[in-house]
Every structure is written in C-alpha cells, then in structure tokens.
C-alpha cells in the first residue's frame, strides 16, 4: 500500500512539473514573439531543396505534426542551415533533424503560416530583436516525461548570409 501511494504521488509530481515546464516554455516562446506548439510527429523528415542565398542553399526539412493544442495536423518547415549537422554540399536532411521519427513528441516555437496549416521560423533569429514576423524560435524533442531537450535549430554559423 505504501509503495503504491508513493508511486502514485511521484507520478502526480512528475506530471505537475512537466505541466509547469511546458507553461514556462510557452511563456518563453511568447517572449520571443513566437507561436508555441507541441505535438506528435506523424510523418518522417523529408528534404526539400530551396533557393540560394550568397551561395548557400536554403533547403528545408518538413515533418507533419498533430498539435496537442487543437488536434490539427501542421506542416513544420525546418530551415536546414540552423541544424548543427548542416552541410551545404549535401542535399539531405541534416543531423540532428535526421533523428526525428514518427511518434516523437516535439515542441516548436515559430511563426504560423498565413496560408494553410503550418509553422516555420522554428530557429534562431541570429540575435535580432524578435518580432512576430521573425521570432527567436526553436525546435526541441520532448522526453517521455515532457522535458524539452536542446534546441535542434540553434546553429548560427550561417547567420552572416542574412545580414
């Protein structure tokens, strides 16, 4: 009896902490001028070619995600140049984006599409003042307990091409 009570209490505490962490993350996203979504990945990452800027291809990785907030399926457009494993010479989904799998839980801060259902700008804004058109966004995998991992879109190596 004591063990069950303790296990139930620990589960309740873990859920409360997870909910508080999510609220903190949502508040951080709002402060970064972004829109906040969490949800479950329903399609594996797909590479999409993009335009070139200063000799660097602005390719994207796309996944579909069913949002916890409204149950809608969102197209998530992820800028590859902000992923740590981006290689301008390769037309492929870079690391760590290549590790995203169906049923993974993600946390996103970015800009919602104005046409269709989707979110983009889920990356660093290279130190500029965040605005709703250019938030300081992120993409994080969520652990089973809801704890967010590191920002998979925080690479600033290519920020100079946007200046």
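The values are calculated or read from the model by the stated rules, or taken from the named source; none is laboratory data. All of these numbers come straight from a predicted model, not from anything done at the bench. All Cβ positions, glycine included, derive from the backbone under ideal geometry; neighbour counts span all protein chains shown.
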Can you pull out every residue in the stretch 70-106 that is closer than 21 Å to residue 34 by Cβ and loosely packed, with under 13 Cβ neighbours inside 10 Å? 70, 71, 72
Within the stretch 117-133, of all residues that are touching a strand residue (DSSP E or B) at 6+ places or on another chain (Cβ under 8 Å) and outside any loop (DSSP other than H, G, I, E, B), the one farthest from residue 75 (Cα to Cα) is 120
Out of all the residues in the stretch 52-92, which are part of a loop (DSSP other than H, G, I, E, B) and more than 23 Å from residue 136 (Cβ to Cβ)? 55, 70, 71, 72, 87, 88, 89, 90, 91, 92
Looking at 156, 114, 147, which one is out of contact with any strand residue (DSSP E or B) (no Cβ under 9 Å at 6 or more places or on another chain) and closer than 13 Å to residue 25 by Cα? 147
Report every pair of residues separated by at least 6 positions or lying on different chains whose Cβ atoms are under 6 Å apart, first residue within the stretch 105-124 and farther than 23 Å from residue 84 by Cβ, second buried (at least 19 other Cβ atoms within 10 Å of the Cβ). 112/35; 112/119; 117/74; 118/74
Starting from residues that are surrounded by fewer than 21 Cβ atoms within 10 Å (Cβ to Cβ) and more than 14 Å from residue 63 (Cα to Cα), keep the ones in the stretch 112-123 and report whichever is modelled with the highest pLDDT. 112
Breaking point among (1) more than 11 Å from residue 152 (Cα to Cα); (2) surrounded by fewer than 22 Cβ atoms within 10 Å (Cβ to Cβ), for residue 109: (2)
I'd like to know if the stretch 25-43 contains one or more residues that are surrounded by 15 or more Cβ atoms within 10 Å (Cβ to Cβ), part of a helix (DSSP H, G or I) and at pLDDT below 50. no
